[in-house]
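Visitor: Next up is a structure, given as structure tokens.
Quick note: the coordinates plus some simple rules give every number you see, no bench work behind them. The model shown is predicted, which means the values in this text are computed figures rather than measured ones. Glycine also receives a Cβ, built like all others from the backbone with ideal geometry; neighbour counts cover every protein chain displayed.
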Amino acid sequence: MKWALSTTDKRDWHALEFSERDPSWRKSSRRGLVCLGCGSPAFFRAPSRKKTPAFGARHKDGCALLKETWGVFRYLQ
Ligand SMILES: [Zn+2]
């Protein structure tokens, strides 16, 4: 997913913006990341050659983000 909420600074972050912060800041902030839809713990996926930065989470049943129509992609979120 592209967005996650940081409970550390009480704001939501776009993955791209998050990836541009310095590594030490990311290290301390990523522990407080949660899904915007269900509040489950989220993690940051660093960009690689093939992938853009993103957040991931183990969503709870009924999470608003899982109600999107993109079915199979839910596991990539
Ligand atoms: Zn969720």
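Visitor: Check which residues have an amide H placed less than 5 Å from D12's amide H, if you skip close sequence neighbours.
Guide: S6
Visitor: Based on Cα coordinates alone, diagonalise the gyration tensor for region 11-63, multiply each eigenvalue by 5, take square roots, and list the semi-axes in whole Å, largest first. Can you show the working numbers first?
Guide: On the way: eigenvalues 78, 36, 15 Å².
Rounded to whole Å, the semi-axes are 20, 13, 9.
Visitor: Report the residue, chosen from A15, A46, A57, that carries the largest GNM mean-square fluctuation when the chain is represented by alpha-carbon nodes joined by springs under 10 Å.
Guide: For the chain, modelled as a Gaussian network with Cα springs under 10 Å, the answer is A46.
Visitor: What ranking of K27, K2, K50 emerges when the number of other C-beta atoms within 10 Å of each C-beta is taken as an exposure proxy, fewest first?
Guide: Numbers: K27 10, K2 15, K50 5.
Ordered by Cβ neighbours within 10 Å, fewest first: K50, K27, K2.
Visitor: Report the one residue of C35, S48, A64 whose Cα lies farthest in the direction of the positive end of the charge dipole of the chain (charges on C-beta: Lys and Arg +1, Asp and Glu -1; origin at the Cα centre).
Guide: Positive-end residue among those listed: S48.
Visitor: Which far-off residues, 5 or more places away or on another chain, put their amide H under 5 Å from the one on L36, with H placed in the peptide plane?
Guide: L5
Visitor: Just give me a number: lysine pairs in the chain, eight or more positions apart or cross-chain, with C-alpha atoms less than 26 Å apart.
Guide: Lysine pairs satisfying the spacing and distance rule in the chain number 14.
Visitor: State to the nearest 20 debye the size of the charge dipole of region 3-76 about its Cα centre, where the only charges are +1 on K and R beta carbons and -1 on D and E beta carbons. Mind dumping the intermediate values first?
Guide: On the way: 15 positive and 7 negative charges, 59 e Å.
In total the dipole reaches around 280 debye.
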